[in-house]
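Heads up, the thing below is written out as structure tokens.
All of the numbers you see were taken from the coordinates with simple rules; none came from a lab. Everything quoted here is computed from the prediction, not taken from an experiment. Cβ atoms come from the backbone with ideal geometry, glycine included; neighbour counts cover every protein chain shown.
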Amino acid sequence: MRLTFSVLLLAGMVAFSGCSSSRHQSAKYDDIPTAAGKKPIVKASDELVGKVVRYNTIGRFAVLNFPANRMPAVGRTVFVYREGLKVGEIKVTGPIQDDNIVGDLVSGDGKSGDEIRDR
């Protein structure tokens with residue numbers, strides 16, 4: 001019985017060993033076909049993206065939060081988006097504190113949680 005088990009185990013190992021050598025290799029970046037033989041250029045987005053932290057309806061100004069290294073310049077106009085739709089424009093006026101900056105609502109509407117983009 002022990003000999004039969006050993007023979008079956010050995011036969012199983014031989015049968016399955018052939019499958020492991022023919023594994024599918026995933027495509028590499030260099031293998032991606034492109035038009036005219038050129039490689040695609042992958043670039044980080046340079047779009048300025050932030051968020052409305054607070055919005056004052058009476059004064060029509062908002063406190064905006066941006067990454068510290070991506071703060072918009074004072075005087076720049078940015079756009080307010082809610083659920084992917086443009087709902088307003090804000091002119092950045094300052095002051096700046098840490099990663100927050102204040103802006104005046106030029107047109108449209110705004111509320112806390114809205115997304116701010118430069119386009």
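Quick notes on this one:
- Cα centroid separation - region 51-65 against region 105-119, whole Å: 8 Å
- At an R0 of 22 angstrom, the distance between the Cβ atoms of residue 82 and residue 42 translates into a FRET efficiency of 0.15.
- Neighbour net charge for residue 117 - beta-carbon separation under 14 angstrom, K R +1, D E -1: -1
- Length released on extending from residue 107 to residue 89, taking residue separation times 0.36 nm less the Cα-Cα span: 5.9 nm
- Inter-label distance, nm, simple model (7 Å from Cα along the C-beta direction), residue 68/residue 99: 0.9 nm
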